[in-house]
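Data block below; observations after.
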There are 2 protein chains.
Amino acid sequence: MDDLVGAGLLVPTGVEGVIGRSGTFERVLLGFDAYVEGITAGDGAEIVRFPPVLPRAQLETTGYLSSFPHLAGSVFSFAGSEEEALELAERAAGHTDWSDLQTVTEVMLTPAACYPVYPWVAGAGPLPPAGRLVDVACQCFRHEPSPDPARMQSFRMHEQVRIATADEVVEWHQGWVDRGGEILGAVGLETEAVVASDPFFGRAGRMLSVSQREQGLKLERVFPISSDRPTPIMSINYHQDHFGRDFDIGTGSGEVAHTACIGFGLERIALALFKQHGLDERAWPDDVRRLLGLAPEA
Amino acid sequence: MDDLVGAGLLVPTGVEGVIGRSGTFERVLLGFDAYVEGITAGDGAEIVRFPPVLPRAQLETTGYLSSFPHLAGSVFSFAGSEEEALELAERAAGHTDWSDLQTVTEVMLTPAACYPVYPWVAGAGPLPPAGRLVDVACQCFRHEPSPDPARMQSFRMHEQVRIATADEVVEWHQGWVDRGGEILGAVGLETEAVVASDPFFGRAGRMLSVSQREQGLKLERVFPISSDRPTPIMSINYHQDHFGRDFDIGTGSGEVAHTACIGFGLERIALALFKQHGLDERAWPDDVRRLLGLAPEA
């Protein structure tokens, strides 16, 4: 973190995991994003973008609050009287607790780019014959303050989501294991695909993690960013019929749809690129610079 | 709204003002953004990007919670026991209120792109001789649910921020009144610059609004998007020494710095473009399509 701040690439804000980014960092991040978009353009995905907040009812429906209550961010606001507003203002000016003057709103912070996709797809009725493929990207939030720049609370994720029959989804999911490695490898990020699990909450959560690993439902491509312990920079997830059941998504022939998603963690990939090629992106290998669309320096 | 949804440009989520965007809508929005970036590239602004959440303490310091408590979004999360987590999960699954099981975090939703800039600039010590010019863009949030697509709760804002002596800031601020009109006019958006005020809360707030108008501190460029009443699509704000005092920003000669910002409301501008030129962007005037970087159709 200190090196990245010293090089002017990251800007601390005073809260762990809430970090500003320089223009150079952004150019690298958006360059990688555009590079992946170029590769996947031929896949014919429908593109949709959702804001960084989503309806609370949607997240309630997915069971996210059961599995990851500690990571979920809910949005509160003020709905009181003029008198209470004065009280709030006074406490805020003194940096003392005013949280009891807040009430919950209808929205939560989006924890992963694909969550708003399932209710949207469900709302369109039964799937078309070949199912659907959706390209989505979003600012995501997970409440896990950490000094590690590779573990931000607020970060961008670019995903593709496949919603179809079990066979179609499994085939698509499998195809992305190698494809993801090739996409990352071409820009110099040699990664390993490892069986992974989500950070489910509590004792019951640990059993869910074990089960998820045993079934091989979640794979991650990992790269050592900030320590010797590799960080996931891409994930490849098969949800079976989890979201299909939650949102009542049916295939053309009336079965419950299966879903899978693959996601690139854009801040982490940018960090991995700076780790691999050095803090001065002007000195990166020409082929990497070309793929990332980084303009040649004058 | 119905026309935009019918044309596939916007995707409702079930919560007013929380709206998904199609790939085409995004291309137009990002095209305008890149067009402005091209025009301002020569200004030499420092580029920095902050996430859609910012430290709660920063917003407390600005007095935002005094002026706009009703618009501010604060982020809460779960920090309880396993037993409480089970209770939370059960209530969430039943869509009943679980807000008492949430506690406030250290972050709030960013209400305008420029807020994180002031503490960042302050942290760097006295300003350089010519002051600073910062280019910033962010996903912003304001809790004002509305069926009007031009009044989203979550939206993007691209700003430039000038931090310098009073004279320098006033000159820069004045220059943007016409410049903003020219930038918008070149893509077919004829706008009027009107004296405006912020939606300060309550009775005392109404007096603040009157005072802000009388001093001409806030100008907006407005365009009729969704009704006959024009919507601001760009704002030009002179804060005097408000943020300079809040964050203790000093000029090189030891005075309190003045600040001003100009901001483009990107979703509103995209909506204005669809209003002006029609819902099928392939039929827009060639010069507009060229400026927005919309690829020629095959």
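The values are calculated or read from the model by the stated rules, or taken from the named source; none is laboratory data. Note that the structure is a prediction, hence the values are computed from the model and not measured. Note that we place each Cβ from the backbone using ideal geometry, even for glycine, and neighbour counts take in every protein chain shown. For accessibility, only protein heavy atoms count, side chains too; no ligands or nucleic acids. Shrake-Rupley method; radii C 1.70, N 1.55, O 1.52, S 1.80 Å.
Table for the structure above
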| quantity | calculated |
| --- | --- |
| Failed item in (1) open to solvent by less than 10 Å² (accessible area, probe 1.4 Å); (2) under 29 Å from A:Y64 (Cα atoms); (3) not charged (D, E, K, R), with A:L273 passing the rest | (2) |
| B:A93, sole failed condition from (1) over 30 Å from A:S66 (Cα atoms); (2) surrounded by fewer than 21 Cβ atoms within 10 Å (Cβ to Cβ); (3) aliphatic (A, V, I, L, M) | (1) |
| Selection count, segment A:48-65, where residues are small (G, A, S) and either under 18 Å from the mean Cα position of the chain (by Cα) or more than 7 Å from chain B (Cβ to nearest Cβ) (or both) | 1 |
| Among residues of segment A:100-133, those that are facing chain B (nearest Cβ under 7 Å) and open to solvent by less than 30 Å² (accessible area, probe 1.4 Å), counted | 5 |
| In segment B:128-148, residue farthest from B:G6 (Cα to Cα) [restricted to those that are touching an Asp or Glu at 6+ places or on another chain (Cβ under 8 Å) and in a loop (DSSP other than H, G, I, E, B)] | B:A130 |
| In segment B:200-212, the residues that are free of Cβ contacts under 8 Å to residues at least 40 places away in the same chain and open to solvent by 40 Å² or more (accessible area, probe 1.4 Å) | B:R203, B:A204, B:R206, B:M207, B:V210, B:S211 |
| Residue that is most open to solvent (accessible area, probe 1.4 Å) [pool: residues in segment A:69-85 that are more than 8 Å from chain B (Cβ to nearest Cβ) and in a helix (DSSP H, G or I)] | A:E83 |
| From A:S209, A:S197, residue being part of a helix (DSSP H, G or I) and among the small types (G, A, S) | A:S209 |
| Any hit, segment A:259-270, residues being open to solvent by 30 Å² or more (accessible area, probe 1.4 Å), of a type in the set (S, T, Y) and farther than 18 Å from A:A34 by Cβ | no |
| Residue match in segment B:148-156 (condition: touching a strand residue (DSSP E or B) at 6+ places or on another chain (Cβ under 9 Å), more than 24 Å from B:Y115 (Cα to Cα) and modelled with pLDDT under 95) | yes |
| Breaking point among (1) at pLDDT 95 or above; (2) over 27 Å from A:V36 (Cβ atoms), for A:E190 | (2) |
| Scan of segment B:113-140 for residues that are within 30 Å of A:H70 (Cβ to Cβ) and in contact with a Ser or Thr (Cβ under 9 Å, 6 or more places away or on another chain), ordered by number | B:Y115, B:P116, B:P119, B:W120, B:C138, B:Q139, B:C140 |
| Some residue of segment B:186-199 being surrounded by fewer than 20 Cβ atoms within 10 Å (Cβ to Cβ), out of contact with any strand residue (DSSP E or B) (no Cβ under 9 Å at 6 or more places or on another chain) and of a type in the set (S, T, Y) | no |
| Lone unmet requirement of (1) surrounded by fewer than 17 Cβ atoms within 10 Å (Cβ to Cβ); (2) farther than 23 Å from A:W172 by Cβ; (3) modelled with pLDDT of 95 or more for A:D43 | (2) |
| Residue pairs meeting the criteria (Cβ under 6 Å; at least 6 apart or on separate chains; first at the interface with another protein chain (Cβ under 8 Å from one of its Cβ atoms) and without any contact (Cβ under 8 Å) to a residue 40 or more places away in the chain, in segment B:11-40; second in a loop (DSSP other than H, G, I, E, B) and not β-branched (V, I, T)) | B:G20/A:F50; B:S22/B:G8; B:S22/B:L9 |
| Subset of segment A:149-178 [in contact with a Gly (Cβ under 8 Å, 6 or more places away or on another chain) and part of a loop (DSSP other than H, G, I, E, B)] | A:R151, A:M152, A:Q153, A:T165 |
| Any pair with Cβ under 9 angstrom, 6 or more apart, that starts in segment A:142-153 at a residue that is more than 10 Å from every other protein chain (Cβ to nearest Cβ) and ends at one that is open to solvent by 20 Å² or more (accessible area, probe 1.4 Å) and of a type in the set (V, I, T) | A:P149/A:V5 |
| Qualifying strands (runs of 3 or more DSSP E) (wholly inside segment A:215-276; at least 1 residues being without any contact (Cβ under 8 Å) to a residue 24 or more places away in the chain) | A:218-223, A:231-240 |
| Members of segment B:152-177 that are of a type in the set (D, E) and either open to solvent by less than 40 Å² (accessible area, probe 1.4 Å) or within 20 Å of the chain's Cα centre (by Cα) (or both) | B:E159 |
| Unique residue being modelled with pLDDT of 95 or more, in contact with a strand residue (DSSP E or B) (Cβ under 6 Å, 6 or more places away or on another chain) and open to solvent by less than 10 Å² (accessible area, probe 1.4 Å) when the list is B:V28, B:V15, B:V53 | B:V53 |
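Table: residues versus (1) out of contact with any Lys or Arg (no Cβ under 8 Å at 6 or more places or on another chain); (2) within 8 Å of another protein chain (Cβ to nearest Cβ).
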site: A:E46; (1), (2): no, yes
site: A:S67; (1), (2): yes, no
site: A:E87; (1), (2): yes, no
site: A:E90; (1), (2): yes, no
site: A:A93; (1), (2): yes, yes
site: A:W98; (1), (2): no, yes
